[in-house]
Amino acid sequence: MTHTGGHWKRLSIAGALAFRWDGRRSRLYFQTRPGTYKDVSLIGFLRQLKRHFRGRCILLIWDGLAGHKSALMRAYLARQRGWLTVEPLPGYAPELNPVEQIWGNIKGRELANLCPVDILALRGPLRAGFARIRRQSPLAFAFLRHAGLSF
């Protein structure tokens with residue numbers, strides 16, 4: 001048995017759970033990166049979302065992560081008003097964020113009892129969890145309902 005000694009770095013995940021306006025379809029987008037997400041890396045994630053949704057308007061419901069509130073992020077968001085509307089969640093309210101339900105679901109299945117040798121070994125199980133949720137569209141809608149949101 002190998003003991004890693006607790007010398008783990010951080011693997012961060014940005015995720016977006018998208019729903020059609022009429023509730024007929026859901027999509028799940030995510031990105032992993034070593035270290036933490038800050039405003040610059042979050043802007044990169046938003047740029048990728050914009051490419052996925054080409055010309056469509058997006059309503060983004062965001063939690064209170066510090067990188068969501070920086071001066072650089074506020075300036076970027078102000079320039080994106082033509083396609084992006086941001087609604088902030090209250091200070092600390094994970095129960096109102098459907099994406100938090102995704103994290104909990106994956107932690108309870110693909111990451112349960114997992115003891116990888118290094119943190120990058122988490123990427124495969126994470127991708128498997130996201131793929132499972134993508135295939136099970138009713139699950140994504142259940143996360144939305146659990147957060148008290150509906151169409």
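The values are calculated or read from the model by the stated rules, or taken from the named source; none is laboratory data. From a predicted model like this one, the values you see are computed outputs, not experimental measurements. Here the Cβ positions follow ideal geometry from the backbone for every residue, glycine too, while neighbour counts run over all protein chains shown. For the accessible areas, the whole protein counts, side chains as well, though only heavy atoms, and no ligand, DNA or RNA atoms are used. Shrake-Rupley method; radii C 1.70, N 1.55, O 1.52, S 1.80 Å.
Touching a strand residue (DSSP E or B) at 6+ places or on another chain (Cβ under 8 Å), in contact (Cβ under 8 Å) with a residue 24 or more places away in the chain and of a type in the set (A, V, I, L, M): is that true of LEU89 in this structure? So LEU89 fits the description; yes.
Residues in segment 120-151 that are surrounded by fewer than 15 Cβ atoms within 10 Å (Cβ to Cβ) and over 30 Å from TRP21 (Cβ atoms): LEU120, ALA121, ARG123, GLY124. Checking segment 37-47 against the condition returns no match, with no residue being surrounded by 14 or more Cβ atoms within 10 Å (Cβ to Cβ) and either in contact (Cβ under 8 Å) with a residue 40 or more places away in the chain or more than 21 Å from LEU11 (Cβ to Cβ) (or both). A Cβ distance below 7 Å, combined with a sequence gap of six or more or placement on separate chains, defines the contacts here; from segment 124-143, residues that are without any contact (Cβ under 8 Å) to a residue 40 or more places away in the chain reach residues that are open to solvent by 30 Å² or more (accessible area, probe 1.4 Å) in the pairs PRO125/GLU110; PRO125/LEU111; PRO125/LEU114; ALA128/GLU110; GLY129/ARG109; GLY129/GLU110.
Would you check which residues across segment 82-108 are of a type in the set (D, E, K, R) and more than 19 Å from TYR29 (Cα to Cα) and list them?
GLU95
Taken over segment 6-36, the residue count meeting the criterion of being β-branched (Val, Ile, Thr) and exposed (fewer than 14 other Cβ atoms within 10 Å of the Cβ) is 1.
Okay, residues lined up against (1) among the acidic types (Asp, Glu); (2) under 15 Å from the mean Cα position of the chain (by Cα); (3) open to solvent by 70 Å² or more (accessible area, probe 1.4 Å); (4) within 25 Å of GLY148 (Cβ to Cβ):
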site	(1), (2), (3), (4)
GLY55	no, no, yes, no
TRP62	no, yes, no, yes
ALA71	no, no, no, no
ARG79	no, no, yes, no
TRP83	no, no, no, no
LEU89	no, yes, no, yes
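Six or more apart or on different chains, Cβ atoms under 6 Å: show the pairs whose first residue is in segment 7-28 and more than 18 Å from ARG123 (Cα to Cα) and whose second is open to solvent by 30 Å² or more (accessible area, probe 1.4 Å). Between residues of segment 7-28 that are more than 18 Å from ARG123 (Cα to Cα) and residues that are open to solvent by 30 Å² or more (accessible area, probe 1.4 Å), the close pairs are ALA18/ARG27; GLY23/PHE151; SER26/PHE19; SER26/SER137. One residue stands out in segment 64-89 among those that are modelled with pLDDT of 90 or more, outside any strand (DSSP E or B) and aliphatic (A, V, I, L, M): the one that is farthest from LYS38 (Cα to Cα), namely ALA78.
Take segment 106-119 and flag every residue that is under 23 Å from ASP63 (Cα atoms) and surrounded by 17 or more Cβ atoms within 10 Å (Cβ to Cβ). Correct list: ILE106 only. Between ILE43, ILE61, the distinction of being farther than 21 Å from GLY129 by Cβ and either part of a loop (DSSP other than H, G, I, E, B) or touching a strand residue (DSSP E or B) at 6+ places or on another chain (Cβ under 9 Å) (or both) belongs to ILE61 only.
Filtered by the rule that a residue be modelled with pLDDT of 85 or more and of a type outside the set (Lys, Arg), segment 14-31 gives ALA14, GLY15, ALA16, LEU17, ALA18, PHE19, SER26, LEU28, TYR29, PHE30, GLN31.
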